[in-house]
1. Which is out of contact with any Cys (no Cβ under 6 Å at 6 or more places or on another chain) and buried (at least 21 other Cβ atoms within 10 Å of the Cβ), of GLU226, GLU120, GLU161, GLU204?
2. Would you mention how many residues in region 179-199 are among the aromatic types (Phe, Trp, Tyr) and at pLDDT 90 or above?
3. Only residues that are touching a residue at least 24 places away in the same chain (Cβ under 8 Å) and out of contact with any Leu (no Cβ under 6 Å at 6 or more places or on another chain): list them for region 92-111, please.
4. Can you tell me which of (1) within 18 Å of GLN220 (Cα to Cα); (2) surrounded by fewer than 22 Cβ atoms within 10 Å (Cβ to Cβ) is the one GLN174 doesn't meet?
5. Out of SER203, SER231, SER185, SER191, report the one residue that is in contact with a Gly (Cβ under 7 Å, 6 or more places away or on another chain) and of a type in the set (Gly, Ala, Ser).
6. Among the residues that make up region 178-197, is at least one of them surrounded by 14 or more Cβ atoms within 10 Å (Cβ to Cβ) and closer than 23 Å to LEU88 by Cα?
7. Looking at region 116-125, which of its residues are free of Cβ contacts under 8 Å to residues at least 24 places away in the same chain, in a helix (DSSP H, G or I) and touching an Asp or Glu at 6+ places or on another chain (Cβ under 9 Å)?
8. I'd like to check something: does region 143-153 contain any residue that is farther than 21 Å from GLY43 by Cβ, touching a helix residue (DSSP H, G or I) at 6+ places or on another chain (Cβ under 8 Å), surrounded by fewer than 17 Cβ atoms within 10 Å (Cβ to Cβ) and in contact (Cβ under 8 Å) with a residue 40 or more places away in the chain?
Amino acid sequence: MEFVKGIICLALSAGLVACSSMKPQGKAQRAEESWLKYRDIEGVEREATFVPRAASELQTDDSALPLGTVLQKVSEGKVIHRHRLGELYNKTDTHEQQFMILVKYGEKSLNPNRAEEMAELMKADAFDFYQFGNYRILHARFQAPRAMCKDIRTRAGVKLEMAVNYYQEQDPAQYYSILLKHHISLKKPLSYNVRYRPYFSASEQVTALGLQDLDNLYGQDLATMEVVDKSLLLLGDICGRRVLP
């Protein structure tokens with residue numbers, strides 16, 4: 001099982017990428033097959049899918065255009081609704097790896113490639129950040145008492161809640177999740193002993209045991225790595241600081 005490796009499109013059959021080579025499916029079949037499960041920050045399991053923009057609108061060299069829309073399955077009793085989560089964009093990180101990013105500020109989706117849009121988050125008291133790719137789905141929620149870039153300079157700091165789901169290459173139905181809460185503040189040194197809760201979503205006992213072994217070996221390092229990465233996102237990309245204190 002390889003959980004953190006290279007850049008790939010997450011589970012083509014799960015509909016989380018815009019692939020023109022995919023065969024057309026009927027509505028019933030598409031609804032049945034295109035949803036991918038993930039564990040969210042509240043600890044509950046959710047399902048998401050991706051609706052790509054029309055092929056004629058997609059321009060891979062134009063980062064101003066979203067790839068499409070992420071939908072979330074919401075159940076109300078016996079009725080299932082499709083809730084629009086937001087617009088998905090391509091984004092290349094500092095390691096030249098490409099991810100699909102969704103930044104949600106209130107009801108708006110921001111383009112992570114546009115500095116003027118990301119600057120709106122400097123005075124935000126809350127926003128959500130989703131990342132798809134590299135065999136994972138990540139959801140991070142940032143919350144501040146008043147304003148992100150003001151509060152991060154105080155002891156009040158910024159509250160980070162995060163859920164990261166790592167998928168099997170061969171079977172995305174089998175996955176391992178890390179849930180954590182952390183406090184980010186320039187008045188406080190960054191902790192390298194991050195507390196987290198692991199979850200194992202596997203139908204086969206052998207796979208479940210393998211995921212537990214993975215957590216025992218790498219869980220602490222993965223949790224710490226994700227906190228450092230999201231701290232740098234807030235301090236660097238949003239608040240304009242290049243290094244951690």
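1. GLU226
2. We begin by selecting, within region 179-199, every residue among the aromatic types (Phe, Trp, Tyr); these are 192, 196, 199.
If we keep only those that are at pLDDT 90 or above as well, we get 196, 199.
Total satisfying the criteria: 2.
3. GLN97, GLN98, PHE99, ILE101, LYS104, SER109, ASN111
4. Condition (1) is where GLN174 drops out.
5. Result: SER185 is the single residue among SER203, SER231, SER185, SER191 that is in contact with a Gly (Cβ under 7 Å, 6 or more places away or on another chain) and of a type in the set (Gly, Ala, Ser).
6. yes
7. Of everything in region 116-125, nothing turns out to be free of Cβ contacts under 8 Å to residues at least 24 places away in the same chain, in a helix (DSSP H, G or I) and touching an Asp or Glu at 6+ places or on another chain (Cβ under 9 Å).
8. Going through region 143-153, the residues farther than 21 Å from GLY43 by Cβ turn out to be 144-153.
Next, from what is left, pick out any that are touching a helix residue (DSSP H, G or I) at 6+ places or on another chain (Cβ under 8 Å): 144-145, 147-150, 152.
Narrowing further to those that are surrounded by fewer than 17 Cβ atoms within 10 Å (Cβ to Cβ): 145, 147, 150.
Then keep just the ones that are in contact (Cβ under 8 Å) with a residue 40 or more places away in the chain; that gives none.
No; the residues of region 143-153 include none that is farther than 21 Å from GLY43 by Cβ, touching a helix residue (DSSP H, G or I) at 6+ places or on another chain (Cβ under 8 Å), surrounded by fewer than 17 Cβ atoms within 10 Å (Cβ to Cβ) and in contact (Cβ under 8 Å) with a residue 40 or more places away in the chain.
The values are calculated or read from the model by the stated rules, or taken from the named source; none is laboratory data. Predicted model, so just to flag it, every value in this text is computed and none were measured. Positions of Cβ are generated from backbone atoms using ideal geometry, with glycine treated the same way; all protein chains shown enter the neighbour counts.
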